[in-house]
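Let me begin by presenting the structure, written as structure tokens, before commenting on it.
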Amino acid sequence: MKIKIAMIGFGNVGQGITRILHAERQTLLIDHGFDFEIVGIFGRSKGSVLAAEKGTDTSQVLKSFDSQGDLLALDGADSELTAMDIIERSGADILLEMSPTDLETGQPAIDYIKAAFKQNVHVVTCNKGPVALAMHELLELAEEKELQFLFEGSVMAGSPVINLATQNLAGAGITSFKGILNGTTNFILTRMKQGADYQAALAEAKDLGYAEADPTNDVEGYDAAAKGVILSNLLTGAETTLNDVACTGISHLTIEDIESAREKGQIIKVLVEADLCEAMPEISVGPVHLPLDDPLAAINGAMNAITFETKILGPVTISGPGAGREETGFAMLADMLQIHKMNG
Ligand SMILES: NC(=O)c1ccc[n+]([C@@H]2O[C@H](COP(=O)([O-])OP(=O)(O)OC[C@H]3O[C@@H](n4cnc5c(N)ncnc54)[C@H](OP(=O)(O)O)[C@@H]3O)[C@@H](O)[C@H]2O)c1
């Protein structure tokens, strides 16, 4: 039976997962018994499509998008469709929620996710907003309906940090973690180590598409803080918020600071650090001096990495991409495959 997929958002990640599904269709079917059709996409300015009756295929979606930059050549396309129309009328089994992040309200994603649960639809998201602000409420709503709410892509994109922490390391006793969870600031620090000053490194990060026009969330540590909150709340059941995180940005750092750390055999990295031993996790984000033999010291450019300190195994470190179209699209796929396996 084909799994019916609806998508909210057809930006970087929406396009990334569509290209993966298109390229891997046969492998997914043969290796995982995963067959699918697209029953709706909300692309906002790129047009939207509702294909509840017949379903549409990724080849048709990509044909329309690649030839004219929107979805309006598809059967069922209609630029008047709202995101709620797609959620309520597509008859989807899984909703891929990929709308922009709002770290203050979590909206409109929280409303989209709740609306999907009302329709008995599983939800996969890579959007930090709803997960950082309403994870437990949304997990409870999903559980009440025997649905899955998965969000692997909200931390380190497709690098499987959430699955590692909650499944593979279950029982290992995670007591704390420290991670490089923001690629933009790691890129800036890497370029500063190579001699660029802060403003030049930031400008380069913008040129390469790592930093947004307004880089505040990255350079002040809020993006990394949201990921710290997500992991801490998930691992402890606590309800920490972004206001509980002590954040220090990097705009004050100079090449002299980087050089002076180097002379002491250290490197400066922006780390999210969380102590999970107390009922309320203690989370901080900011530049930290690391010894050069720390595995995180070797993480350069836009890469991410995290070390979980565990009672049984000691430190366990994973590194990998923390952003990117297909890198994040892969997280959406991994979560869909998990839902497929759980619902056999
Ligand atoms: N890109 C990454 O590497 C990455 C990595 C991890 C997590 N994420 C998260 O994934 C989500 C999507 O990221 P992205 O890079 O794909 O963003 P994007 O390129 O900006 O795409 C966002 C999509 O959502 C649409 N949209 C805008 N406002 C909306 C609304 N109110 N309701 C529903 N849809 C709306 C946009 O339409 P318009 O184009 O018309 O604005 C666009 O289709 C974000 O929450 C982001 O934080 C992204």
Scanning region 1-21 for residues that are away from the ligand (no atom under 13 Å from the Cβ) and not in a helix (DSSP H, G or I), which turns out most open to solvent (accessible area, probe 1.4 Å)? Met1
Would you say Lys128 is away from the ligand (no atom under 12 Å from the Cβ) and either over 11 Å from Ile8 (Cβ atoms) or modelled with pLDDT of 95 or more (or both)? no
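Among Ala246, Ala331, Ala297, Ala323, which is the only one that is under 25 Å from the mean Cα position of the chain (by Cα), at pLDDT below 95 and of a type outside the set (Ser, Thr, Tyr)?
Details: Ala246 fails: at pLDDT below 95; Ala331 fails: at pLDDT below 95; Ala297 fails: at pLDDT below 95.
Sole residue among the options that is under 25 Å from the mean Cα position of the chain (by Cα), at pLDDT below 95 and of a type outside the set (Ser, Thr, Tyr): Ala323.
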Residues Ala109, Ala116: which one is buried (at least 24 other Cβ atoms within 10 Å of the Cβ) and over 23 Å from Arg19 (Cβ atoms)? Ala116
If we keep just the residues of region 30-49 that are among the hydrophobic types (A, V, I, L, M, F, W, C) and open to solvent by less than 10 Å² (accessible area, probe 1.4 Å), which is nearest to Ser99 (Cα to Cα)? Ile41
Region 198-221 - residue that is open to solvent by 80 Å² or more (accessible area, probe 1.4 Å) and farther than 22 Å from Glu152 by Cβ and, of those, nearest to the chain's Cα centre (by Cα): Glu212
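Specify which of the listed residues (Ile255, Ile312, Ile306) is closer than 17 Å to Thr175 by Cα and surrounded by fewer than 20 Cβ atoms within 10 Å (Cβ to Cβ).
From the options Ile255, Ile312, Ile306, the qualifying one is Ile312.
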Going residue by residue through region 150-173, is there one that turns out to be open to solvent by 30 Å² or more (accessible area, probe 1.4 Å), out of contact with any strand residue (DSSP E or B) (no Cβ under 8 Å at 6 or more places or on another chain) and within 15 Å of the ligand (Cβ to nearest atom)? no
Is region 22-41 home to any residue that is touching a helix residue (DSSP H, G or I) at 6+ places or on another chain (Cβ under 9 Å) and within 12 Å of the ligand (Cβ to nearest atom)? yes
Just wondering, is there one or more residues in region 222-235 that are open to solvent by less than 70 Å² (accessible area, probe 1.4 Å), among the β-branched types (Val, Ile, Thr) and free of Cβ contacts under 8 Å to residues at least 12 places away in the same chain? no
Residue under question is Leu147, and the condition is that it be over 14 Å from the mean Cα position of the chain (by Cα) and either over 20 Å from Asn304 (Cα atoms) or at pLDDT 95 or above (or both); does it hold? yes
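Here's the yes/no breakdown for (1) closer than 25 Å to Pro130 by Cβ; (2) modelled with pLDDT of 95 or more; (3) out of contact with any His (no Cβ under 8 Å at 6 or more places or on another chain):
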residue: Ile174; (1), (2), (3): yes, yes, yes
residue: Thr185; (1), (2), (3): yes, yes, yes
residue: Gly195; (1), (2), (3): no, no, yes
residue: Ala205; (1), (2), (3): no, no, yes
residue: Tyr210; (1), (2), (3): yes, no, yes
residue: Leu242; (1), (2), (3): yes, yes, yes
residue: Ile267; (1), (2), (3): no, yes, no
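The values are calculated or read from the model by the stated rules, or taken from the named source; none is laboratory data. It should be emphasised that the depicted structure is a prediction, and the values quoted were computed from it without experimental measurement. We place every Cβ from the backbone using ideal geometry, glycine too, and count neighbours over all the protein chains shown. The protein model used for the area step is the full one, side chains on, heavy atoms only, and it has no ligands, DNA or RNA in it. Shrake-Rupley method; radii C 1.70, N 1.55, O 1.52, S 1.80 Å.
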